[in-house]
Number of protein chains: 2
Amino acid sequence: MTVREFVNTFIDNAAENLPFSTIEKKASKGTILTDYGQLEDSVYFIQSGILYTSLLYKEEERILDFHFEGSFCSSYSSLLSSDVSDIRISCYIDCQLEVVKYEELRVAYETSLLANQLGRIATEQLFFERVKREKELLTLTAEERYQSLLNKKPELVQKIAIKDLSKYLGVRPESLSRIRRN
Amino acid sequence: MTVREFVNTFIDNAAENLPFSTIEKKASKGTILTDYGQLEDSVYFIQSGILYTSLLYKEEERILDFHFEGSFCSSYSSLLSSDVSDIRISCYIDCQLEVVKYEELRVAYETSLLANQLGRIATEQLFFERVKREKELLTLTAEERYQSLLNKKPELVQKIAIKDLSKYLGVRPESLSRIRRN
């Protein structure tokens, strides 16, 4: 999916051109798109592949989230506050991305209905994902969270290493291996 | 703060009238605005007071979040998916609210730049809050989370009962009492 297709899927009658430019970018597994301490200046749309965001905690890296094709990813707190990023965005596998420069988006937000519709809908989806994840962390056991992920993203469970999946689900790798066997 | 003032604070040159109506509503402590199993049809703007959202887990109520004046609150997953709400929104203390009917907002979203700017900015803030909370849960100890809340919202720490604050911070009430004494 491209940004243009995303727009066509979620916004009726969006016939006009996109009110900002996008740059196609191939990035191979392990590429760091935004690093700790960097000022974020872009929003990434994932045409294919998987990105992940991580956080440093006492020198140890923790996985905040995985991001999949057809969604946007950025260090939003850096973008919106102009503080340096406290997260890192990396390619979990080879990715095909579309990059939007925030400065162009910010200008478009001042006058463009389409830019704001797109920004609103993309942010609603991001927000929605966070709320779902938080609810799952509050109410489901590790086993149920694994089952839920398996139902929603079976191909993902194949692509992500047990040690990373366990960081994401908030369980120890040994527990996850046990859950997988059952 | 009113919705109009929120708009003036965050959107430059927003001189036109709001593209939807708002209804002023007083709601006393304990009032349930949206309940489990109900279809959400409104967005609440908090002029003054505190709302809280909760979730049922095995018959037990868990506090998802507190929401403070100058921000929007709704059962967004119900609003956006048209599924019934899995959360409850209640008044933690007496509240002065402005209610926006989602149907009016949805229609405004089709054509109004201002409605989409407002929707985008309000959702960015909600998203941002969730991300901050999630990062704190991943990286701070209970004591540090309490300290962070005390710095950000000292008046809140006074207004919220220890048992509720402990549910919010994800610690046991006894631990929180100990932290408070230190």
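Might you let me know whether the stretch A:23-31 holds any residue that is under 24 Å from B:L113 (Cα atoms), away from every other protein chain (no Cβ under 14 Å) and modelled with pLDDT of 95 or more? No, every residue in the stretch A:23-31 fails to be under 24 Å from B:L113 (Cα atoms), away from every other protein chain (no Cβ under 14 Å) and modelled with pLDDT of 95 or more.
Among the residues of the stretch B:111-120, which ones are surrounded by fewer than 23 Cβ atoms within 10 Å (Cβ to Cβ) and of a type in the set (G, A, S)? Selection gives B:S112 alone.
Within the stretch A:114-128, can you find the residues that are free of Cβ contacts under 8 Å to residues at least 24 places away in the same chain and within 25 Å of A:G170 (Cα to Cα)? Steps first, please.
As a first pass, look at the stretch A:114-128 and keep what is free of Cβ contacts under 8 Å to residues at least 24 places away in the same chain: A:116, A:119-120, A:123-124, A:127-128.
Once the filter is applied, which keeps residues that are free of Cβ contacts under 8 Å to residues at least 24 places away in the same chain and within 25 Å of A:G170 (Cα to Cα), the stretch A:114-128 yields A:T123, A:E124, A:F127, A:F128.
Among the listed residues B:E60, B:E104, which satisfies the condition of being surrounded by fewer than 20 Cβ atoms within 10 Å (Cβ to Cβ) and either within 27 Å of B:E134 (Cβ to Cβ) or without any contact (Cβ under 8 Å) to a residue 60 or more places away in the chain (or both)?
After applying the criteria, what remains is B:E60.
Within the stretch B:87-97, not a single residue is small (G, A, S) and farther than 24 Å from B:S48 by Cβ. Residues in the stretch B:132-146 that are within 7 Å of chain A (Cβ to nearest Cβ) and either surrounded by 16 or more Cβ atoms within 10 Å (Cβ to Cβ) or in contact (Cβ under 8 Å) with a residue 12 or more places away in the chain (or both): B:E134, B:K135, B:T139.
Check whether at least one residue in the stretch A:7-14 is more than 22 Å from A:F128 (Cβ to Cβ) and in contact with a Ser or Thr (Cβ under 9 Å, 6 or more places away or on another chain), and report yes or no.
No: the stretch A:7-14 contains no residue that is more than 22 Å from A:F128 (Cβ to Cβ) and in contact with a Ser or Thr (Cβ under 9 Å, 6 or more places away or on another chain).
Confirm whether A:E40 is among the acidic types (D, E), more than 25 Å from B:L80 (Cα to Cα), in contact (Cβ under 8 Å) with a residue 24 or more places away in the chain and not in a strand (DSSP E or B). It is true that A:E40 is among the acidic types (D, E), more than 25 Å from B:L80 (Cα to Cα), in contact (Cβ under 8 Å) with a residue 24 or more places away in the chain and not in a strand (DSSP E or B). Only one entry of A:G30, A:G37, A:G70 meets the criterion of being surrounded by fewer than 18 Cβ atoms within 10 Å (Cβ to Cβ) and out of contact with any strand residue (DSSP E or B) (no Cβ under 8 Å at 6 or more places or on another chain), and that entry is A:G37. The residues listed here are B:S175, B:S166; of these, the one that is over 20 Å from the mean Cα position of the chain (by Cα) and small (G, A, S) is B:S175.
For residues in the stretch A:12-30 being out of contact with any Asp or Glu (no Cβ under 9 Å at 6 or more places or on another chain) and touching a residue at least 60 places away in the same chain (Cβ under 8 Å), which is nearest to B:R106 (Cα to Cα)? First the steps, then the outcome.
Here is the first cut: in the stretch A:12-30, the residues out of contact with any Asp or Glu (no Cβ under 9 Å at 6 or more places or on another chain) are A:14-18, A:30.
Filter once more, so that each one left must be touching a residue at least 60 places away in the same chain (Cβ under 8 Å): A:14, A:16, A:18, A:30.
Numbers: A:A14: 16, A:E16: 21, A:L18: 22, A:G30: 41 Å.
Of everything passing the filter in the stretch A:12-30, A:A14 is nearest to B:R106 (Cα to Cα).
For (1) under 30 Å from B:T111 (Cβ atoms); (2) part of a strand (DSSP E or B), each residue gets a yes or a no:
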| position | (1), (2) |
| --- | --- |
| A:Y44 | yes, yes |
| A:Q47 | yes, yes |
| A:T53 | no, yes |
| A:F66 | no, yes |
| A:L79 | yes, no |
| A:I89 | no, yes |
| A:I93 | no, no |
| A:E103 | yes, no |
| A:V107 | yes, no |
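Scan the stretch A:6-23 and tell me whether some residue there is of a type outside the set (G, A, S) and part of a strand (DSSP E or B). Within the stretch A:6-23, one or more residues are of a type outside the set (G, A, S) and part of a strand (DSSP E or B). If you filter the stretch A:77-91 down to residues that are facing another protein chain (nearest Cβ under 10 Å) and crowded, with 20+ Cβ neighbours inside 10 Å, you find that the one that is modelled with the lowest pLDDT is A:L79.
Any residue at all in the stretch B:96-113 that is polar (S, T, N, Q), closer than 24 Å to A:Y168 by Cβ and more than 8 Å from every other protein chain (Cβ to nearest Cβ)?
So in the stretch B:96-113, the residues polar (S, T, N, Q) come out as B:96, B:111-112.
If we keep only those that are closer than 24 Å to A:Y168 by Cβ as well, we get none.
Checked against the condition, which is being polar (S, T, N, Q), closer than 24 Å to A:Y168 by Cβ and more than 8 Å from every other protein chain (Cβ to nearest Cβ), the stretch B:96-113 yields no hits at all.
Residue-wise test of (1) of a type outside the set (D, E, K, R); (2) more than 24 Å from B:L137 (Cα to Cα); (3) crowded, with 19+ Cβ neighbours inside 10 Å.
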residue: A:A122; (1), (2), (3): yes, yes, yes
residue: A:I162; (1), (2), (3): yes, no, no
residue: A:K167; (1), (2), (3): no, no, yes
residue: A:R178; (1), (2), (3): no, yes, no
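The values are calculated or read from the model by the stated rules, or taken from the named source; none is laboratory data. Just so you know, these numbers come straight off a predicted model, no measurement behind them. Every residue, glycine as well, gets a Cβ built from its backbone with ideal geometry; the counts of neighbours run over all protein chains shown.
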